[in-house]
1. From the set of residues in the range 80-103 that are in contact with a Lys or Arg (Cβ under 7 Å, 6 or more places away or on another chain) and of a type outside the set (Phe, Trp, Tyr), which is most open to solvent (accessible area, probe 1.4 Å)?
2. Does Ala26 count as surrounded by 21 or more Cβ atoms within 10 Å (Cβ to Cβ) and more than 18 Å from Asp97 (Cβ to Cβ)?
3. Looking at the range 27-45, which of its residues are assigned to a strand (DSSP E or B), in contact (Cβ under 8 Å) with a residue 60 or more places away in the chain and either among the aliphatic types (A, V, I, L, M) or in contact with an Asp or Glu (Cβ under 8 Å, 6 or more places away or on another chain) (or both)?
4. State whether one or more residues within the range 41-49 are open to solvent by 50 Å² or more (accessible area, probe 1.4 Å), closer than 27 Å to Gly175 by Cα and in contact with a helix residue (DSSP H, G or I) (Cβ under 8 Å, 6 or more places away or on another chain).
5. I want to confirm something. Restricting to the range 46-68 and keeping residues that are acidic (Asp, Glu) and in a loop (DSSP other than H, G, I, E, B), which single residue is farthest from the ligand (Cβ to nearest atom)?
6. I'd like to verify a number: residues in the range 2-20 that are more than 9 Å from the ligand (Cβ to nearest atom) and farther than 12 Å from Gly36 by Cα, how many?
Amino acid sequence: MRILVVEDESSIANFIRQGLSEAGYAVDVASDGQEGLAYALAAEYDVLVLDIMLPYLDGLEVLRETRRQGLKVPTLMLTARDTVDDRVSGLDAGADDYLVKPFAFPELLARIRALLRRPPLQTGTTLIVGDLEMDTVVHQVRRQTRPIELSPREYAVLEYLMRHPNQVLTRTQIGEHVWNFDFYNESNVVDVYIGYLRRKIDRAGDAPLIHTIRGVGYCISEHGDHA
Ligand code: CA
């Protein structure tokens, strides 16, 4: 899943970027409100983490503009002050959640997971497709009783597929949700990672779960004839 962090204090931005990357998320960081708005409109993010006090455009203005342009991406506001006015103006501008600085990183992670659980994404902390299960809290994947060891990037690709079961996802969609702006669209990196996942998940004798939709992309489904 891909997250945009808009934060002008570089020490906080770096701390968040590093922690989220280690947790397997693709992260882009913008350091002012204008840049943040441009990023938010340019790519498909799964969560925005938006500081309120920002140069050029503040976080509330960024949020209002993304909502005005129809973006429904779940948004967590960061604020230095815990006042009722701050909360109300943030929620009125369309924020989904709030975190007061300074915060403990595990709380930020838990709140991001909670935002990712909201509809239309699958609810609950365990994602299930057929006999494949992913526990998104402890990052464990198993097929029936067999544990499956995945690299952080393999995990991220599989999580995106499992949050959209029975849907055909294009390579571009998968790429944009799993990689940051370093992702190079023309490369075959998505196909390579799907290949890695297949070798680990769909072993000989298993009913295949990851399906290639010729000319379009990929789909995870327990129904072999889907799409
Ligand atoms: Ca700030």
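The values are calculated or read from the model by the stated rules, or taken from the named source; none is laboratory data. The structure presented is a predicted model; accordingly, all values stated were derived computationally and were not measured. Glycine also receives a Cβ, built like all others from the backbone with ideal geometry; neighbour counts cover every protein chain displayed. Keep in mind that these areas ignore ligands, DNA and RNA; they rest on the heavy atoms of the full protein, side chains included. Shrake-Rupley method; radii C 1.70, N 1.55, O 1.52, S 1.80 Å.
1. The extreme case among them is Ala80.
2. In short, yes.
3. Within the range 27-45, just Val27 meets the criteria.
4. yes
5. Taking the candidates together, the pick is Asp46.
6. Going through the range 2-20 one residue at a time, the tally reaches 11.
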